[in-house]
Amino acid sequence: FSLFLSVSLSLPIPLSFSLAPPPIAGKTTFGDGNVYEGEYRAGQMDGRGRYTWARGSVYDGEWRANKRTGRGTYTWPDGDVYEGGWRESRQEGHGIFRYADGGVHEGEYRDGSQNGRGVFRYADGNEYDGEWRD
């Protein structure tokens, strides 16, 4: 007569991990009056943060290696607002641009410009639904 005993042990194994250091929160006021407040990694603006230019523009969103990259909102002093995707500090992907005069463009951006499918609603109620190309 023989007896076999089988034991199974299940341990959680992480599927991914990061060797990047955790972000450090901080604030920098530059010599020209611009201010960044948010996360830093390896001495660079990286993570969530808010950058305010001395002349009144504000970007609030994601940063990677000192560049606006990810999702964010940029507000100009005249009241224009862009909310959407960014890559290398340029508008990229889907976004909504609200003009101070009441016009709104919602659509695709590439390399900082309206490019691809989109809808522009003019302040007077007229609308253009179509394609933009560089």
- [ ] With a probe of 1.4 Å, find how much accessible area the chain has per residue, and write the answer as a whole number in Å².
- [x] 69
Open item on the list: Output needed for the chain: three equivalent-ellipsoid semi-axes, defined as square roots of 5 times the C-alpha gyration tensor eigenvalues, in descending order, whole Å.
Closed with: 43, 25, 11
Open item on the list: In whole Hz and in residue order, list the ³J(HN,Hα) couplings for segment 125-134 that follow from phi through the Karplus curve 6.51 cos²θ - 1.76 cosθ + 1.60, θ = phi - 60°; x for Gly and Pro.
Closed with: x, 5, 9, 10, 10, x, 10, 10, 9, 5
TODO: Using the charge dipole of segment 24-133 (Lys, Arg: +1 at Cβ; Asp, Glu: -1 at Cβ; taken about the Cα centre), state which of 99, 118, 33 has its Cα farthest towards the positive end.
DONE: 33
- [ ] Run the dipole for segment 24-133 about the Cα centre, Lys and Arg Cβ at +1, Asp and Glu Cβ at -1, nothing else charged, and hand back the magnitude in debye, nearest 20.
- [x] 500
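How big is the shadow of the Cα convex hull of segment 67-119, averaged over all directions, in nm²? Display every interim value, and only then the final one.
Values: hull surface 13.1 nm².
Orientation-averaged projected area of the Cα hull: 3.3 nm².
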Task: Potential lengthening between residue 60 and residue 32 on full extension [0.36 nm per residue; Cα-Cα distance subtracted] - done: 8.2 nm
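The values are calculated or read from the model by the stated rules, or taken from the named source; none is laboratory data. Treat the numbers as computed from the prediction; the structure is a model and nothing was measured. Neighbour counts are summed over all protein chains in view; Cβ atoms, including those assigned to glycine, are modelled from backbone coordinates with ideal geometry. Surface areas here come from the heavy atoms of the whole protein model, side chains and all, with no ligands, DNA or RNA. Shrake-Rupley method; radii C 1.70, N 1.55, O 1.52, S 1.80 Å.
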